[in-house]
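One structure coming up, written as structure tokens, with questions to follow.
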Amino acid sequence: MSTAPEPSFAATEGSLAAPLAAALEWLWRPAGGKAGVGFGVADEAESLTKRVSGGDLAGAVVFEESTAEGAEGEARFAEGMRLRGSFALLDDEGEPWTTSSFGVHAVADDRVLTLAAPPDGWWGTLRFAWVAEAIARFAEERLELELRRLPAIGCLRLDDIPGTAEFQLENRAKDDRTQTKLARSLAKAAADNEAVLNIAVACMALGPEKEPAPLQEVWPMAIEALRAGVAKGTFEPVCHGWLGLVPEALAKGEIDFHEYEPLDADQAMETLRKVAAWQRENLGEAPTFVAVDWTYGAGTRYAAARLGLTSWLRPELGPLAEPAAVRETLTGTLDGIAGIDFTPLAVLAQAGVPPTVTLHGRSLDRRRETLALPRDSMSLARAAAKRDIYRLLELDGVRWLGAKEFTETVTAHGEA
């Protein structure tokens with residue numbers, strides 16, 4: 001007795017939509033049909049439609065340029081989220097599948113879904129939320145496929161707390177008392193929301209004479225507060241920089257944070273052994289590692305893997321798990337955010353695209369640039385009254401995991 005092949009998301013070789021099809025295939029593992037789902041762009045639409053009509057494909061997903069005037073600004077989507085940016089729109093032909101206050105963003109014509117979005121669907125940005133939701137709903141409701149997606153999980157990380165040598169040199173480092181208060185406040189917020197906040201902490205800073213000094217000598221009370229949070233399970237340490245600066249550049253009075261980039265495997269092994277030992281002694285066991293700005297030298301990821309550390313990689317379209325590494329899904333600015341609406345993160349999580357959010361302070365990176373001032377003055381005031389990191393910890397619809405559980409879950413999904 002023959003068994004019908006499980007459907008897959010695929011595109012013709014060389015199609016601009018092929019990388020996204022492969023990424024969603026990895027994430028969702030579609031099952032339950034007798035044929036695959038084709039992905040393509042506008043000039044492939046006719047061929048895909050014919051293959052659907054002929055039964056060669058269960059359905060098709062097409063990314064094409066708009067046939068109606070686009071819009072720019074804040075769009076309110078039917079899924080209860082707001083997104084900001086430039087949006088293409090489709091005309092009224094076909095069944096409206098995804099709409100916003102701007103108009104129609106996706107239409108369904110029987111078993112063909114057409115989206116007014118680029119072939120990568122804005123992967124790595126919040127705008128991917130409406131694209132992922134539209135495709136997942138189409139696959140399940142119209143094509144009657146089962147998507148074996150990840151649970152609604154995410155990973156929230158705060159880098160460079162309580163401070164770094166770079167912050168000190170740039171005169172933007174906070175004092176020990178301030179950072180201790182912050183650490184205790186974040187520990188309480190994480191505990192209240194049954195969340196884990198991951199903390200990527202450098203090991204060394206600069207002493208009174210600008211000489212390298214252990215971080216616990218510069219921020220002793222803050223390190224103690226972080227260690228208490230780790231002991232309670234509300235924080236999880238992540239291996240990060242040693243000094244966070246290239247020593248040769250520092251000797252010349254220059255700031256270069258690509259600390260791991262010039263290291264060969266032996267040098268990286270020596271540095272990471274020190275980093276892991278410092279974390280273990282001062283905060284607790286750190287099973288994952290992220291290089292500053294994701295700049296891994298030729299030997300750094302090899303050394304990390306040899307030491308049992310899972311490396312975090314920059315957001316790029318593709319499978320989320322690689323050998324001894326997991327790829328982040330979002331840039332730190334959360335491109336596409338509208339005001340203080342974090343609902344798109346929950347939409348992504350519910351769609352099985354686990355959001356990873358990295359901050360370098362209480363607010364998102366380049367926060368003022370993401371607000372449309374002066375029109376967003378009220379959002380700015382609200383963001384100042386309650387910083388982003390607290391709003392993220394309180395977000396419904398996504399469970400923030402420690403990096404160890406998150407990377408193990410994503411890796412197991414890739415191996416299933």
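The values are calculated or read from the model by the stated rules, or taken from the named source; none is laboratory data. Just so we're clear, the structure is a prediction, and the values are computed from it rather than from any experiment. Neighbour counts run over all protein chains shown; Cβ positions are idealised from the backbone, glycine included.
Regarding the range 262-276, can at least one residue be identified that is surrounded by fewer than 20 Cβ atoms within 10 Å (Cβ to Cβ), at positive phi and among the hydrophobic types (A, V, I, L, M, F, W, C)?
Within the range 262-276, none of the residues are surrounded by fewer than 20 Cβ atoms within 10 Å (Cβ to Cβ), at positive phi and among the hydrophobic types (A, V, I, L, M, F, W, C).
Something else about it: For residue 381, are the conditions met, namely being over 16 Å from the mean Cα position of the chain (by Cα) and either within 20 Å of residue 197 (Cα to Cα) or surrounded by fewer than 18 Cβ atoms within 10 Å (Cβ to Cβ) (or both)? Explain how you work it out, then say what you get.
Values: over 16 Å from the mean Cα position of the chain (by Cα): yes; either within 20 Å of residue 197 (Cα to Cα) or surrounded by fewer than 18 Cβ atoms within 10 Å (Cβ to Cβ) (or both): yes.
Yes; evaluated as a whole, the condition is true for this residue.
Hey, could you check the range 349-370 for residues that are under 16 Å from residue 84 (Cα atoms) and out of contact with any strand residue (DSSP E or B) (no Cβ under 6 Å at 6 or more places or on another chain) and say which is surrounded by the most Cβ atoms within 10 Å (Cβ to Cβ)? Don't jump to the end; show me each part of the working.
Our first condition is that a residue be under 16 Å from residue 84 (Cα atoms); within the range 349-370, this holds for 364, 366-370.
Add one more test, that the residue is out of contact with any strand residue (DSSP E or B) (no Cβ under 6 Å at 6 or more places or on another chain), and what stays is 364, 366-369.
Working: 364: 24, 366: 10, 367: 20, 368: 10, 369: 10.
Out of the qualifying residues, it is 364.
Out of 166, 170, 209, I need the residue that is modelled with pLDDT under 95, buried (at least 20 other Cβ atoms within 10 Å of the Cβ) and closer than 30 Å to residue 276 by Cα. Which one?
On the way: 170 fails: buried (at least 20 other Cβ atoms within 10 Å of the Cβ); 209 fails: buried (at least 20 other Cβ atoms within 10 Å of the Cβ).
None of the others qualify; the one that does is 166.
While we're looking at this one, here's another question. Give me a count of the residues in the range 284-310 that are among the hydrophobic types (A, V, I, L, M, F, W, C), in a helix (DSSP H, G or I) and over 22 Å from the mean Cα position of the chain (by Cα).
Of the residues in that region, 1 qualify.
For every residue, the table says whether it meets (1) under 22 Å from residue 347 (Cα atoms); (2) assigned by TED's automatic domain parsing to the domain that holds residue 350; (3) among the hydrophobic types (A, V, I, L, M, F, W, C).
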site	(1), (2), (3)
57	no, no, yes
78	yes, no, yes
82	yes, no, no
99	yes, no, no
107	yes, no, yes
110	no, no, no
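Just checking, how many residues over the range 227-249 are in a helix (DSSP H, G or I), in contact with a strand residue (DSSP E or B) (Cβ under 9 Å, 6 or more places away or on another chain) and not β-branched (Val, Ile, Thr)?
Adding up the residues that qualify gives 4.
Give the residues of the range 48-62 that are of a type in the set (S, T, N, Q) and either in contact (Cβ under 8 Å) with a residue 24 or more places away in the chain or in contact with a helix residue (DSSP H, G or I) (Cβ under 6 Å, 6 or more places away or on another chain) (or both), sorted by residue number.
Hit for the range 48-62 is 49, nothing else.
Could you tell me which of the residues 341, 376 is surrounded by fewer than 20 Cβ atoms within 10 Å (Cβ to Cβ), outside the structural domain of residue 81 (by TED's automatic domain parsing), in contact with a strand residue (DSSP E or B) (Cβ under 6 Å, 6 or more places away or on another chain) and over 30 Å from residue 295 (Cβ atoms)?
341 is the lone residue from the list that is surrounded by fewer than 20 Cβ atoms within 10 Å (Cβ to Cβ), outside the structural domain of residue 81 (by TED's automatic domain parsing), in contact with a strand residue (DSSP E or B) (Cβ under 6 Å, 6 or more places away or on another chain) and over 30 Å from residue 295 (Cβ atoms).
A further question on this structure: Among the residues of the range 376-392 satisfying the criterion of being modelled with pLDDT of 90 or more and not in a helix (DSSP H, G or I), which is nearest to residue 337 (Cα to Cα)?
By that ranking, first place goes to 387.
Could you grab me the full set of residues in the range 235-256 that are more than 19 Å from residue 198 (Cβ to Cβ) and of a type in the set (D, E, K, R)? Steps first, please.
Within the range 235-256, the subset more than 19 Å from residue 198 (Cβ to Cβ) is 243, 245-256.
Matches in the range 235-256: 248, 252, 254, 256.
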